[in-house]
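Following this message is one structure expressed as structure tokens.
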Amino acid sequence: SYRYNGRTLAAFGPNDGLSSSGNAILMDRAGNLWFGGPGGVTYYDGKTFTRADEIGSLETHAIFEDREGVLWFGSEGGLHRFDGTEWLTFTHEDGLADNQVLSITQDEAGHLWIGTAGGASRYNGKTFQTLSEKDGLAGDVVNSVTLDKEGALWFATLTGVTRFRQPDPAVPSV
């Protein structure tokens, strides 16, 4: 990564404490920078680089901060949640579509959408639901997920793009 002081760029690497090159960068609400790459996750508080040992050296592709300020990391070993104190890891065994997590976003209802090498997973805080090519995705390797201004989700896959508009919640009958 690089730092610009108004005149020059400064490069940072392993000698400065950065664990690896970068696949993802996020600035959290506190102003810390988080870097994910082939060597895992490192954060920078403006003075020091610190490795997030809880993820180890798993290649990290995605970093996301949800509405509540919880940080989510997508790696080769699953989906990792950090609330500022505790780390949790979710894998295929927990219902995640695949352990290789490539992207993360949040919809209007607060659900997380996770792009993986085996489809897209929706996480409602308790359980995972998966969308795959069988359900209409253009492909199962979901490199990126984003939400548009109308609330539709877009999934970028290796074989095309899919737009998904979630159904409106059912109105209870009277």
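Looking at the stretch 65-105, which of its residues are among the acidic types (Asp, Glu), open to solvent by 30 Å² or more (accessible area, probe 1.4 Å) and closer than 23 Å to Gly31 by Cβ?
Taking the stretch 65-105 and keeping what is among the acidic types (Asp, Glu), we get 65-66, 68, 76, 83, 86, 93-94, 98.
Now restrict to residues that are open to solvent by 30 Å² or more (accessible area, probe 1.4 Å): 65, 68, 76, 83, 86, 93-94, 98.
Those that are among the acidic types (Asp, Glu), open to solvent by 30 Å² or more (accessible area, probe 1.4 Å) and closer than 23 Å to Gly31 by Cβ: Glu65, Glu68, Asp83, Glu86.
Failed condition for Ser57, given (1) without any contact (Cβ under 8 Å) to a residue 24 or more places away in the chain; (2) open to solvent by 40 Å² or more (accessible area, probe 1.4 Å), with all others met?
The single condition Ser57 does not satisfy is (1).
Only residues that are open to solvent by 40 Å² or more (accessible area, probe 1.4 Å) and under 13 Å from Asp16 (Cα atoms): list them for the stretch 29-44, please.
Tyr43
Separate question: When the stretch 106-117 is examined, which residues are found to be within 21 Å of Asn23 (Cα to Cα) and either among the basic types (Lys, Arg) or surrounded by fewer than 18 Cβ atoms within 10 Å (Cβ to Cβ) (or both)?
Ala117
In the stretch 97-124, what residues are among the hydrophobic types (A, V, I, L, M, F, W, C) and closer than 20 Å to Gly56 by Cα?
Those that are among the hydrophobic types (A, V, I, L, M, F, W, C) and closer than 20 Å to Gly56 by Cα: Val101, Leu102, Ile104.
Those residues that are open to solvent by 40 Å² or more (accessible area, probe 1.4 Å), under 24 Å from Thr89 (Cβ atoms) and over 15 Å from the mean Cα position of the chain (by Cα), I need them from the stretch 132-159; list them, please.
Asp140
The values are calculated or read from the model by the stated rules, or taken from the named source; none is laboratory data. All figures in this text were calculated on a predicted structure; none of them were measured in a lab. Using ideal geometry, Cβ is built from the backbone for each residue, glycine included, and neighbour counts are taken over all protein chains shown. Areas reflect the complete protein model, heavy atoms only, side chains present, ligands, DNA and RNA absent. Shrake-Rupley method; radii C 1.70, N 1.55, O 1.52, S 1.80 Å.
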